[in-house]
Amino acid sequence: MKKTLTENQLQKLAENFYDDVEDSEPLQETDCDLSDAESKHSDHLTDSEVEGEDNDEQMDIDNDDLPSYVYGRNRYKWGKTPPGPSKTRKSNIVLHLPGIKGPALNASPKTPLEAWSLLFTDDILEEILEHTNAKISDLSVSYGSTASYVGHLDMIEFKAFLGLQILAGVFKSNHEDAISLFSTDGTGRNIFRGSMSKDRFLFLLAALRFDDQTSRRERIQNGDKLAAISNIYNIFNSNCQANYTCSEYSVVDEMLVGFRGRCSFRQYLKSKPKKYGIKIMCLCDAKTHYLLNSFIYAGKTTEPNPNKLSVPTLSVLKLVSPITNTNRNVTGDNWFTSIQLISELKSVGLTYVGTMRKNKREVPKQFLPNRTREEKSSLFGFTHDETIVSFVPKKNRCVLLVSSMHHSQLIEENGKPEIINFYNDTKGGVDALDQRCATYSCQRRTRRWPMAIFGAILDISRVNSYILFLSASEETVKISRRKFSVALGRDLIVDHMKRRFQIRELSLDLKTVIGNFLGYNPAEDREPVEAGPIRKYRRCYICPREMDRKSKTCCNICSRNICKIHSRNIVECQTCSQR
């Protein structure tokens, strides 16, 4: 039964919970007691927030029952009525249209490889190639001169190696043992055997490096905990920003790169599938899920913080640097949300929508869970720039959201406030990106955290380049992400396949595998070999090297030495031979 309040009860409530109803400016966030301590990750389930404690006095309060102003514990004032008309404000008029820009607009990529090359540029590949070859020089000494798979890496072979990594993710073989991938008993993948040997593939995995090891210790001492891969990561981040403009709605959240090895900044997030790993803070397009900006969380920083901003606020301000002063909106979960953040984003020309924790000092007591409030009921509070809403999805529960983009009490057809529906539509950008990366992930098991980060870069580059490829197409291109990834892997491998096909000592089995991949017969597209006047004993080019069968017999077509086992004798009569 609904409880009605008398005038005396209302007067008593006003004396206990509210200040005078005279109009005054709200207190600034800097006057609040904000903590820099990190808190648990939000699960984003707005309809199943943690049940709050019951109020001391249970009252059935509607928005009409509230006085003109209500106050949080820090005396932050919220009004009952909206500040003005609900039309779109100047702060939300976006002038920069979303889509490709810069190098992507000029190049207009027509193939998956062209789109991918806009993000994985030559400067990234050349730097990795330089440091990897330096490591190969150190490792090759211990392998000896007889090892044929410890040679230096060139650009063509390196692209083929990356192509195999991408294809392994498409085939769901990123965690499969390399022995089974290169197996010759019919259970392996022919494309792996055709590209390189198993020993070469494993050797390159062990030798892959992303920075100069001689100066790494000095850079770590200067404060760069990510020195092993920071330069490569920053270049890739800049390429993502230089080729795409996000839509009017963006989202900030955290992504976890699974890793259980030794790492000083490894995190534990129980809400993530892999639990342990390296946390990457991300800014994504809420519509296309394109990763626009990100940084790796490496623990506490020594960067100056004169305004004493909280860690979540500093994280968001660092992420939104590419979209400042563009009137766009940012959506975030309750770990990021605070009145302080909204104020800082307003100063750089952005608005914010996000869930809010019930222990924030700006939240009025009447907006907290109350068992007498009806289901699907909403309470609104307004300032000139912010709107707070308390929605009851179930009995004795509530969801708190705050917005600097919405300024009305609009309830939509499903019974939820407009703010909640907007949050549900835009909150999943980073989670969708994480899901797309995990679907065809190319990360392999490793004990080195830089390799885990490099695998995440490859996954993100594949997802982002797919969005660039679709955005650059003049007509609607119906291509799935799987077909795009397969085409990208093939384009990276094909040049190395053609070059390997010309090796004379390659076995006929591998020649056939490569020929099937390239689409021509082993007898075609090879360098012509002239037969010498004198035939010498040479090893059979088909037999394995350990058999060491030598013969003077040569093929009449390619003039290569061949043993009796792999040669064919043709018996013809004199009459037939003259035809």
Around Leu319, what is the net charge, scoring Lys/Arg as +1 and Asp/Glu as -1 over all other residues with Cβ under 14 Å from its Cβ?
-2
Could you report the stretch 105-197's accessible area per residue, 1.4 Å probe, as an integer in Å²?
45 Å²
By a straight-distance test (C-alpha under 16 Å), which lysines pair with Lys550 as possible cross-link partners, with residues fewer than eight away in the same chain excluded?
Lys536, Lys564
How much accessible area does Asp123 have with a 1.4 Å probe, in Å² rounded to the nearest 10?
80 Å²
Distance between modelled label sites at Ser148 and Asp509, nm, 7 Å Cα→Cβ extension:
1.4 nm
Toward the positive end of the charge dipole of the stretch 335-436, about the Cα centre and with charges on Cβ (Lys, Arg +1; Asp, Glu -1), which of Met356, Val402, Phe367 goes farthest?
Phe367
Rounded to the nearest 10 Å², the 1.4 Å probe accessible area of Leu205 is 30 Å²
Taking the Cα centre of the stretch 291-446 as the origin, how large is its charge dipole in debye, to the nearest 20, when only Lys and Arg (+1) and Asp and Glu (-1) carry charge on their Cβ atoms?
680 debye
If each part is reduced to its alpha-carbon centroid, the stretch 95-119 and the stretch 67-83 end up apart, in Å, by 48 Å
Quick one: accessible surface of His384, probe radius 1.4 Å, all protein chains present, in square angstrom to the nearest 10.
130 Å²
Among His175, Phe158, Ala228, whose Cα sits farthest toward the positive end of the charge dipole of the stretch 126-229 (+1 at Cβ of Lys/Arg, -1 at Cβ of Asp/Glu, about the Cα centre)?
His175
Give, as a single signed number, the net charge of other residues whose beta carbon lies under 13 Å from the beta carbon of Ala115, with Lys and Arg counted +1 and Asp and Glu -1.
+1
Between the stretch 366-439 and the stretch 279-333, what is the C-alpha centre distance in whole Å?
22 Å
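The values are calculated or read from the model by the stated rules, or taken from the named source; none is laboratory data. Keep in mind that this is a model prediction, so the values were computed, not measured. FYI the Cβ positions are ideal-geometry reconstructions off the backbone, even for glycines, and counts take in every protein chain you see. All accessible areas refer to the heavy atoms of the entire protein, side chains included, with ligands and DNA or RNA removed. Shrake-Rupley method; radii C 1.70, N 1.55, O 1.52, S 1.80 Å.
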